[in-house]
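Chemist: Starting off with a structure, shown below.
Only the coordinates and a few stated rules stand behind these numbers; no lab work does. Computed from a prediction, not measured in an experiment: that's the story for all the values here. With ideal geometry, Cβ positions are generated from the backbone for all residues, glycine too; neighbour counts draw on all protein chains shown.
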Amino acid sequence: MYGQDTARDIYRQALPVILVSLVAGLFAGTILGTETMRRGIGQVPGLLLLLPAFLATRGGVYGSLGARISTGLHQGLIEPDFALDRPLRNAVVASFVNGMTVSVFIAVVAFAVLRVLGREGNVLELVGIMVVAGFLSAVLMLSVLLTVILLGYRRGLDPDNVIGPIVTTLGDVFGVAFLMVGIRVMEVVL
């Protein structure tokens with residue numbers, strides 16, 4: 001039956017990605033639990049406030065990109081090669097701009113919340129951390145996401161079956177790691 005074959009194919013394609021995502025999610029939690037990260041969170045007022053929003057927006061922004069690319073592949077609007085034709089280029093640029101804009105917005109909102117709560121914070125420090133983390137995560141997520149989707153599609157995988165876990169995992173792992181990098185960069189700059 002067609003429905004059973006489709007369900008079996010979805011399960012076959014998605015299960016390995018979900019298992020890898022599970023392990024990578026544990027790795028992201030391990031990074032978050034390191035002494036360096038805990039110290040960084042403690043030193044930068046507002047960082048813990050913006051962390052959930054930053055990680056969530058990685059999935060939202062780049063999940064939309066993955067869905068857009070998948071739809072383009074299925075409709076034949078995007079070729080499964082690595083040439084940045086117009087539709088693919090526009091989707092990548094839009095996602096990058098959205099990711100960076102949202103990163104800065106999150107920092108400003110976190111600073112505003114700190115002020116409303118009567119706490120001290122440094123808006124330049126928060127924005128700097130988020131620009132570094134947003135930029136690095138965008139570059140890496142875009143690279144990995146495009147590679148996985150395009151190569152997977154060429155090898156017979158339906159991107160719709162694997163995008164969700166990939167984007168969530170990449171956003172968590174890279175987001176947490178690059179927040180640490182952002183903290184380090186801002187320690188040097190400020």
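Chemist: Given region 55-120 reduced to its alpha-carbon atoms as identical point scatterers, what log10 I(q)/I(0) does the Debye formula return at q = 0.19 Å⁻¹?
Modeler: Once normalised to I(0) and log-transformed, intensities are -0.75.
Chemist: Once both axes come from the Cα atoms, what is the angle between helix 123-154 and the longest principal axis of the chain, in degrees from 0 to 90, rounded to 10?
Modeler: Once rounded, the angle reads 10 degrees.
Chemist: OK, next. As a test of the formula, what do you get for the chain when each DSSP H run with n ≥ 4 contributes -39,500 (n - 2.57) and the sum is divided by the residue count, at 222 nm and rounded to the nearest 500 deg cm²/dmol?
Modeler: On the way: 6 runs with 163 residues, N = 190.
About -30500 deg cm²/dmol.
Chemist: Further, regarding this structure: Any chance you could run the full-extension gain for ARG39 through LEU117? It's 0.36 nm times the residue separation minus the Cα-Cα distance, nm to one decimal. Present the calculation step by step, with values, prior to reporting the outcome.
Modeler: On the way: separation 78, 0.36 × 78 = 28.08 nm, distance 2.19 nm.
Stretched fully, the ARG39-LEU117 segment lengthens by 25.9 nm.
Chemist: Please tell me the relative contact order of the chain in percent, rounded to the nearest whole number, where contacts are Cα pairs under 8 Å and at least six residues apart. Don't jump to the answer; show the numbers that get you there.
Modeler: Details: 188 pairs, mean separation 67.9, N = 190.
It rounds to 36 percent for the chain.
Chemist: For PHE135 and LEU190, compute 0.36 nm times the residue count separating them, minus their Cα-Cα distance, and round to one decimal in nm.
Modeler: On the way: separation 55, 0.36 × 55 = 19.80 nm, distance 1.89 nm.
Here the segment from PHE135 to LEU190 would lengthen by 17.9 nm.
Chemist: For Cα extents along the principal axes in Å, one of (1) 46, 38, 33; (2) 42, 36, 25; (3) 62, 35, 28 was computed from the structure I shared and the rest are decoys. Which label?
Modeler: (3)
Chemist: Here is a follow-up. Expressed as an acute angle from 0 to 90° and rounded to the nearest 10, what is the orientation of the C-alpha long axis of helix 159-189 relative to the principal long axis of the chain?
Modeler: For helix 159-189, the angle is close to 20 degrees.
Chemist: Taking the Cα-to-Cβ direction at THR6 and at ASP85 and moving 7 Å from each Cα, how far apart do the two end points lie in nm?
Modeler: Output for this residue pair reads 2.6 nm.
Chemist: Given a Förster distance of 41 angstrom, what is the FRET efficiency for VAL104 paired with GLN75, based on the Cβ-Cβ distance and rounded to 0.05? Don't jump to the answer; show the numbers that get you there.
Modeler: Details: r = 33 Å, r/R0 = 0.81.
About 0.80, to the nearest 0.05.
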